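The values are calculated or read from the model by the stated rules, or taken from the named source; none is laboratory data. Here the structure is a predicted model, which is why all the values come from computation and not from measurement. Reconstructed Cβ throughout: ideal geometry from the backbone, glycine too, with neighbour counts over all protein chains shown.
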Amino acid sequence: MRIEAFNAVAQVYQPQKAQSKGNVAKTNAAARDEVHISSFGKDFQIAKQAVANASDVRDEKVAEMKKKYSGDPQIDTGDFADVLLSKYSAANL
């Protein structure tokens, strides 16, 4: 290994001193960070808030399903077996 190459690589990894640029306090006071949100971003925030405020359960649909499926279900085991066998036969072909 050449010593010159090692010295060049070592210089890259040495910490460098910050250079002063005069009165930094004046330049930082004049510069301000600004944030601009696009109209799409605003619409997205409104939609996200609306979804967060919406209920996860639609009570009218739950009541409708409870009414429709309440009671003791009457299942004919013969019909169930026929459907099961036809599905099984179709799958094995």
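Quick one: is Y13 at pLDDT below 85 and of a type in the set (F, W, Y)? Against the criterion (at pLDDT below 85 and of a type in the set (F, W, Y)), Y13 qualifies. When A18, A52 are screened for being of a type in the set (A, V, I, L, M), in a helix (DSSP H, G or I) and either modelled with pLDDT under 85 or under 39 Å from the mean Cα position of the chain (by Cα) (or both), only A52 passes. When region 69-93 is filtered for residues that are modelled with pLDDT under 90 and either surrounded by 10 or more Cβ atoms within 10 Å (Cβ to Cβ) or basic (K, R) (or both), nothing remains.
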